[in-house]
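**Q** The structure that follows is given in the form of structure tokens.
The values are calculated or read from the model by the stated rules, or taken from the named source; none is laboratory data. Note that the coordinates shown come from a computational prediction; the quantities given were computed from them, not determined experimentally. Here Cβ is always computed from backbone atoms with ideal geometry, including for glycine, and neighbour counts include all displayed protein chains. We work out accessible area using only protein heavy atoms, side chains counted, and drop any ligands, DNA or RNA first. Shrake-Rupley method; radii C 1.70, N 1.55, O 1.52, S 1.80 Å.
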Amino acid sequence: MTYFALCRAAAAAAASGYLLTACAPHTLSSTTPVALNQFAADSVLRRIATAQDERRAAALLPYLSRPEATYRRAAAEALASVQSKEATSPLLTRLREDADATVRRAAAYALGQTADSTAEAGLAQRISAESDGVVRRYVLEALGRCTSRAGLLTLTRLPPALATDTAALSGQAWGLYRAGLRGLTSEAAVSRLVQLVGRSNPVSARLAAANALARTRGINLVSYAATLGTVAQQDAHYAVRSAVTAALSKAATAPTVPVLLATLARRDPDYQVRVSALRAMNAQMYAPVKEAAWQALTDPNAQVALSAAEFFLTHATNEPGSVFLEKANRLEQWRVRATLLAAALHQSSPEQAAIRGAVQERYAATRTPTRKAIC
């Protein structure tokens, strides 16, 4: 069903005055105002939505020139969904010339969603020229989606006038994040991201920078291990600590990292940070982190305990299989126990026959099909 057909149905239901009582949390009084469906009330918005639904960029472009900002903004948002490069030039015009900041913001967002490299120069020019901080933040993130490797330097270095602008800092971090996901990075970009996770920056910038460091492939963070370790332990926001902890896997050869990950796995108050610490551990640091992973098997949070079991399944070698069997038999959480039993079976040890027998006995005694499947 197209938006047009859907909206006609909504308009008919609104006109009849019926309410679906099963969906209503309470009875509406006769004086309670009812918000009209914007598409039912406005035929222009219906046409824009229908063109979006049918992915007809050419039909949307004329609405970018309408005198009403509402329609220009709706058209830009629709083009963000359609993602047609046919719209790049008209959207750049809206970004450069529109008097309404919300329209410019929607145009910047649409350009980012379209990810057309020909928009790179126009977006870069707007970093300094844009007067609205929120729009500039969208411009910077869009630039990260459109930039070339040669243009990455523009995103890495903000103009001096914007050095303390919180919206610009957030936009820069998100732009570098978007570029990193596309495989575009550099030593200067990595250095800037490490600066952006510093506590003096806004949460949005720290969060984007931390995730960029965690998710950008192929970067080496050994030289930043100390700085990132401080952030992982001290940042006030759990999501920043979690992402920076995940990024420490790219600094695994730094001498301080194994001990730090073990500490975070034991002590961080947020389970997501503890999970990130366990997942950042690898085979090379097995000995110094093993005890922390053993302890995490009994963590009250199921995801932490399962991550600890997965660590042993992935990285344990030459361990006595009976040790895993013994610990598994003491665990209450069945997924964690099953994963640890799998780790036991992966070990080359004389106890293999006894371990298989124990698993078969547990399988025979299990009545739940789901649990049988993973015994």
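**Q** Can you give the extra length, in nm with one decimal, that the chain gains between Glu332 and Ala121 once fully stretched, where that is 0.36 nm per residue apart less the Cα-Cα distance?
**A** Gain on extension, Glu332 to Ala121, equals 70.1 nm.
**Q** What net charge do the residues around Gln233 carry, taking every other residue with its C-beta under 15 Å from that of Gln233, with Lys and Arg at +1 and Asp and Glu at -1?
**A** That sum, taken over residues with Cβ under 15 Å, equals +3.
**Q** If R₀ is 45 angstrom, what is the calculated FRET efficiency for the pair Thr70 and Gln303, using the beta carbon separation as r and rounding to 0.05?
**A** With a Förster radius of 45 Å, E is 0.50.
**Q** Let me ask another. If you roll a 1.4 Å probe over the heavy atoms of the protein chains, what accessible area per residue do you get for the chain, in Å²? Could you put the intermediate results ahead of the total?
**A** Values: 18730 Å² over 375 residues.
Roughly 50 Å² per residue, with all protein chains present.
**Q** For segment 106-224, with all protein chains present and a 1.4 Å probe, just round the carbon and sulfur fraction of the accessible area to a whole percent.
**A** Using a 1.4 Å probe with all protein chains present, segment 106-224 comes out at 50 percent carbon and sulfur.
**Q** Note down, for segment 82-220, the three equivalent ellipsoid semi-axes (square root of 5 times each alpha carbon gyration tensor eigenvalue), biggest first, whole angstrom.
**A** Equivalent ellipsoid of segment 82-220: 23, 17, 12 Å, largest first.
**Q** Here's something else I'd like to know. How would you rank 188-201, 354-367, 154-167, highest first, on the average number of other Cβ atoms within 10 Å across their residues? Walk me through the intermediate numbers first.
**A** Numbers: 188-201: 18.8, 354-367: 13.4, 154-167: 15.4.
In decreasing order of mean packing, 188-201, 354-367, 154-167 become 188-201, 154-167, 354-367.
**Q** If I model a spin label as a point 7 Å beyond the Cα along the Cα-Cβ vector, how far apart are those points for Ala99 and Ser186 in nm?
**A** Each label point is offset 7 Å from its Cα along the Cβ direction, giving 4.0 nm.
**Q** Tell me what the chain gives for mean residue ellipticity at 222 nm when only DSSP H runs of n ≥ 4 count, each as -39,500 (n - 2.57), the sum divided by the residue total, rounded to 500 deg cm²/dmol.
**A** -20000 deg cm²/dmol
**Q** Please compute the length gained on full extension between Arg217 and Gln352, using 0.36 nm multiplied by the number of residues separating them and subtracting their Cα-Cα distance. Provide the component values of the computation, followed by the final result.
**A** Details: separation 135, 0.36 × 135 = 48.60 nm, distance 3.81 nm.
Between Arg217 and Gln352, full extension yields an extra 44.8 nm.
**Q** Next up: Please work out whether segment 82-124 counts as rounded, prolate or oblate from its C-alpha gyration tensor, where a ≥ b ≥ c are the square roots of the eigenvalues and a/c under 1.5 means rounded, while otherwise a/b larger than b/c means prolate and anything else oblate?
**A** Prolate, since a/c reaches 1.5 and a/b exceeds b/c.
**Q** Right, another one. Along segment 335-341, what does the Karplus equation 6.51 cos²θ - 1.76 cosθ + 1.60 (θ = phi - 60°) give for ³J(HN,Hα), rounded to whole Hz, x for Gly and Pro?
**A** Each residue's phi maps through the Karplus curve to give 5, 5, 4, 4, 5, 6, 5 Hz.
**Q** With the contact rule set at Cα under 8 Å and sequence spacing of 6 or more, what percent relative contact order holds for the chain?
**A** The normalised contact order for the chain reaches 7 percent.
**Q** Here's a follow-up. Given axes a ≥ b ≥ c from the Cα gyration tensor, I'd like to know whether segment 257-375 is rounded (a/c under 1.5), prolate (a/b larger than b/c) or oblate.
**A** Details: a/c = 2.71, a/b = 1.49, b/c = 1.82.
It is oblate, given that a/c is not under 1.5 and a/b is not larger than b/c.
**Q** Roughly speaking, what is the centre-to-centre gap between segment 280-308 and segment 192-222 when only Cα atoms are used, to the nearest Å?
**A** 25
**Q** Right, here's the next one. For the pair Val134 and Thr314, what calculated FRET efficiency results from E = 1/(1 + (r/R0)^6), where r is the Cβ-Cβ distance and R0 = 45 Å, to the nearest 0.05? List each step's numbers first, then the result.
**A** Working: r = 43 Å, r/R0 = 0.96.
According to the calculation, E is roughly 0.55.
**Q** Could you give the length gained by full extension between Ser89 and Glu291, i.e. 0.36 nm per residue of separation minus their alpha carbon distance, to one decimal place?
**A** The span from Ser89 to Glu291 would gain 66.9 nm if fully extended.
**Q** Another question, if that's okay. Among Thr314, Thr114, Thr102, which one shows the biggest mean-square fluctuation in a GNM of the chain, springs joining Cα atoms closer than 10 Å?
**A** Comparing Thr314, Thr114, Thr102 in a Gaussian network model of the chain, the most mobile one is Thr314.
**Q** Percent of accessible area on segment 240-375 owned by carbon and sulfur, 1.4 Å probe?
**A** That fraction is 51 percent.
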